[in-house]
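Let me begin by presenting the structure, written as structure tokens, before commenting on it.
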Amino acid sequence: MKKVIWFKCAALLLGSAAFFFSAVVNSQEPKPLDPKAWGATHAGKPVPEYITGDQCLFCHRNTIGPSWAMDGHARNLRAREDAPDLLPVLKAQTALTPYDKQIEYFLGHRNVMRMLMKDGYGKFAILNAKAALVTDAKGGKSATRWQGTEKLAWDKQKFYLQCAGCHTSGVDTQAKTFSAFGIDCYMCHGEVPDEHPNKPELVWFSKKKRDDKRVIISACASCHLRDEGGSVKSASTRLPYPNNFITGDNLFLDLVVDWKRAEDEKLNAGDRHVWRNVRDVGVNDEKMTCLSCHQIHEAQGADATLRHRRQPRAPICFDCHSREEGKFKEVVRYVVKSSLCEY
Ligand code: HEC
Ligand code: HEC
Ligand code: HEC
Ligand code: HEC
Ligand code: HEC
Ligand code: HEC
């Protein structure tokens, strides 16, 4: 008799515990969204003729020009004459002397440097050699290690097949060409109509049009989700970058993404917090976006992430900050690397 009562109580307790537990889980676990359930795509449609960065800067020189000159997006891929900081690195490597005159563009400037030459309209060939870089206190650059210099060769296929979509602007996947080298204003702001000075609400990321979290995430993720082992592919081209993405589009109507990568503990914090944030907004309907933490214009270095300090604590914080009680301010060091970008 005693035993039976005990069992009944235990069952009741367990039952209510299970009920309580499931209620907690249900209230915390947001219903997953279908990231494809909104918007449109330009995949397969003609690449628009857009206003180039030089034209934008003709009018926006005073406000945007100074910070743009320092911005990583502007400096990522530069013509040789605009990259005096990288010439000494090239000159110091005698194996490259026979190639020196052919090298017209540099890709990368912080961690690694690659070399390019034009190969017809809207095409680049990429040299197989690369230099791992360090920057000294005065901003001088030098190579800590070279790879590929023992057997130098230009690759005419690789740049289009693996790199173009995120390191040039307006890639036409029919013609296999890009419209402009480097990351132009267009890649974030999309098509900017002529009448926008009087109607700033027509431009994405103007003060009047930067509140759609799904558009923000799509725009930034169009380059910042980097493929590894087939985790990012365009459905229409099978390339590891989007097909004719234009800001305002839903990236995920064409880009197939393996969301499991957001949980990959081995991923460096630089890439991981990006994956997590894109997943949290796109699938879990959370509010915080890249722009809650990052400022693109007006600020550089740690100033560019001052906003992030005011954000409420969330799991994303622990990609970089210590989980230990009372040690939150300690930042975990990480090295950014990517098999897609070959560094
Ligand atoms: C899906 C878009 C995408 C593709 C495709 C891509 N990259 Fe990148 N690449 C990026 C992003 C985003 C960064 C900046 C990441 C960061 O700093 O956290 C980057 C950074 C780089 C850098 C700069 C490293 C530095 O900090 O100095 C180099 C060099 C580079 N990529 C080379 C390549 C090459 C070569 C290819 C093709 C073989 C390629 N990338 C393909 C998105 C891409
Ligand atoms: C990497 C993405 C990106 C690129 C490339 C980019 N912008 Fe922006 N721009 C933004 C974002 C995001 C904002 C919203 C403000 C912010 O968060 O910094 C913005 C804001 C602006 C504004 C409004 C400034 C204000 O007072 O709020 C202007 C004007 C502008 N950009 C012009 C340009 C021009 C011109 C270029 C090219 C030379 C350019 N942008 C390239 C992302 C970009
Ligand atoms: C003919 C001159 C001109 C050209 C070219 C031009 N703009 Fe503008 N733009 C303006 C003026 C004037 C305004 C309204 C005043 C302001 O906010 O600077 C404006 C406003 C903006 C804004 C909104 C600023 C805000 O207050 O939120 C953005 C963003 C912007 N332009 C981006 C661009 C981009 C990107 C390009 C190139 C694709 C471009 N503009 C080309 C003149 C120009
Ligand atoms: C067309 C591709 C592309 C798009 C779109 C893009 N980025 Fe980037 N981003 C890059 C590349 C490439 C780099 C590496 C820059 C370098 O070499 O320093 C980079 C660097 C950065 C950095 C590192 C700091 C710096 O200035 O170097 C931040 C932060 C960043 N991007 C945020 C964003 C945000 C936020 C958006 C969306 C508003 C965005 N990016 C859109 C390609 C892109
Ligand atoms: C919770 C705030 C937060 C959010 C959300 C966030 N970031 Fe960051 N991110 C940071 C901070 C802080 C750093 C600076 C880390 C450092 O200086 O070491 C950073 C660094 C970066 C870097 C530079 C990595 C490197 O060292 O090369 C890139 C690129 C970047 N973020 C892109 C993005 C993009 C794209 C998004 C949106 C999908 C995003 N971030 C969302 C806080 C955030
Ligand atoms: C991508 C890495 C990254 C992410 C994600 C990140 N932080 Fe940071 N955080 C840093 C770095 C690096 C610093 C120091 C320099 C700076 O402010 O950018 C820092 C500094 C801070 C500081 C100032 C600490 C001091 O010494 O006074 C606070 C507060 C802060 N972060 C809060 C947050 C919160 C809250 C989140 C989550 C919403 C977060 N961080 C997410 C990298 C990150």
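Just so you know, all these numbers are worked out from the coordinates, no wet-lab data involved. Just so it is clear, the model here is predicted, and its values are computed rather than measured. Virtual Cβ from ideal backbone geometry, glycine too; neighbours counted across all protein chains shown.
Among residues of segment 97-131 being buried (at least 16 other Cβ atoms within 10 Å of the Cβ) and touching a Ser or Thr at 6+ places or on another chain (Cβ under 7 Å), the one that is farthest from Gln157 (Cα to Cα) is Ala129. The residues of segment 276-322 that are among the basic types (Lys, Arg) and closer than 27 Å to Asp249 by Cβ, listed by number, are Arg276, Arg279, Lys287, Arg307.
Scanning segment 225-251 for residues that are within 16 Å of ligand 6 (Cβ to nearest atom) and in contact (Cβ under 8 Å) with a residue 60 or more places away in the chain turns up just one, Arg226. Against the conditions (1) closer than 21 Å to Ser338 by Cα; (2) in contact with a Phe, Trp or Tyr (Cβ under 8 Å, 6 or more places away or on another chain); (3) crowded, with 20+ Cβ neighbours inside 10 Å, where does Cys220 fall short? Just the number, please. Of the numbered conditions (1) closer than 21 Å to Ser338 by Cα; (2) in contact with a Phe, Trp or Tyr (Cβ under 8 Å, 6 or more places away or on another chain); (3) crowded, with 20+ Cβ neighbours inside 10 Å, the odd one out for Cys220 is (2).
Of all residues in segment 151-165, those satisfying the criterion of being free of Cβ contacts under 8 Å to residues at least 60 places away in the same chain and aliphatic (A, V, I, L, M) are Leu152, Ala153.
Checking the structure you have, find out if any residue of segment 247-264 is within 16 Å of the chain's Cα centre (by Cα), more than 8 Å from ligand 5 (Cβ to nearest atom) and aromatic (Phe, Trp, Tyr). Taking every residue of segment 247-264 in turn, at least one turns out to be within 16 Å of the chain's Cα centre (by Cα), more than 8 Å from ligand 5 (Cβ to nearest atom) and aromatic (Phe, Trp, Tyr). With respect to the conditions (1) charged (D, E, K, R); (2) more than 9 Å from ligand 5 (Cβ to nearest atom); (3) buried (at least 16 other Cβ atoms within 10 Å of the Cβ), Arg276 falls short on a single one, namely (2).
Could you please let me know if Leu33 is in contact with a strand residue (DSSP E or B) (Cβ under 6 Å, 6 or more places away or on another chain) and not basic (Lys, Arg)?
When the stated conditions are applied, Leu33 does not pass them.
Answer yes or no as to whether Gly190 is among the small types (Gly, Ala, Ser) and within 16 Å of ligand 3 (Cβ to nearest atom). The answer is yes for Gly190.
Of the numbered criteria (1) without any contact (Cβ under 8 Å) to a residue 60 or more places away in the chain; (2) within 14 Å of ligand 4 (Cβ to nearest atom); (3) farther than 19 Å from Tyr334 by Cβ, the one Trp275 fails is (3). Counted as qualifying within segment 30-111 are the helices (runs of 4 or more DSSP H) with 1 or more residues that are in contact with a helix residue (DSSP H, G or I) (Cβ under 9 Å, 6 or more places away or on another chain) and away from ligand 4 (no atom under 13 Å from the Cβ), namely 53-70, 87-91.
The residues in segment 271-289 that are under 16 Å from Val232 (Cβ atoms) and in a helix (DSSP H, G or I) can be counted, and the count is 9. Does Thr289 qualify as being in contact (Cβ under 8 Å) with a residue 40 or more places away in the chain and of a type in the set (S, T, N, Q)? Yes: the conditions hold for Thr289.
Restricted to strands (runs of 3 or more DSSP E) entirely inside segment 127-238, those with at least 1 residues that are within 16 Å of ligand 5 (Cβ to nearest atom) and touching a Lys or Arg at 6+ places or on another chain (Cβ under 8 Å) are 130-135, 232-234. Of note, Glu298 satisfies the criterion of being loosely packed, with under 14 Cβ neighbours inside 10 Å and within 16 Å of ligand 2 (Cβ to nearest atom).
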